[in-house]
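Quick note: the coordinates plus some simple rules give every number you see, no bench work behind them. All figures in this text were calculated on a predicted structure; none of them were measured in a lab. When we count neighbours, we look across all protein chains shown, and the Cβ atoms used for this are built from the backbone with ideal geometry, even at glycine.
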């Protein structure tokens with residue numbers, strides 16, 4: 001079995017402390033046969049974060065889903081009001097650990 005899993009990050013090393021949709025990037029890994037392999041970094045800037053737009057805006061969800069297209073799981077520290085929209089397309093997993101390095105989750 002193979003899973004494509006994205007981690008929300010701004011620096012490619014640490015999990016984002018804010019809502020997943022606010023991440024600059026989604027680092028994508030392939031998990032297969034008990035091994036993880038980094039595949040790509042996807043840019044989440046298609047939706048240019050207009051600070052006047054409220055969390056939960058459908059346009060924001062659509063842009064985030066476009067960046068996550070074709071993936072199976074999104075791992076984040078926080079999920080916002082767009083979570084129901086994201087769950088229609090992929091599984092969302094939340095980690096409760098503070099100061100999480102992506103590579104320590106692999």
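Kindly work out what percent of the DSSP beta bridges joining two residues of the range 2-105 are antiparallel, to the nearest 5. Percent antiparallel among DSSP bridges in the range 2-105 is about 70. Computed over the range 2-105, the quotient of the alpha carbon radius of gyration and 2.2 N^0.38 Å is 1.00. Between residue 87 and residue 17, take the C-beta separation as r, use R0 = 35 Å, and let me know the FRET efficiency to the nearest 0.05. Using R0 = 35 Å, I get an efficiency of 0.95.
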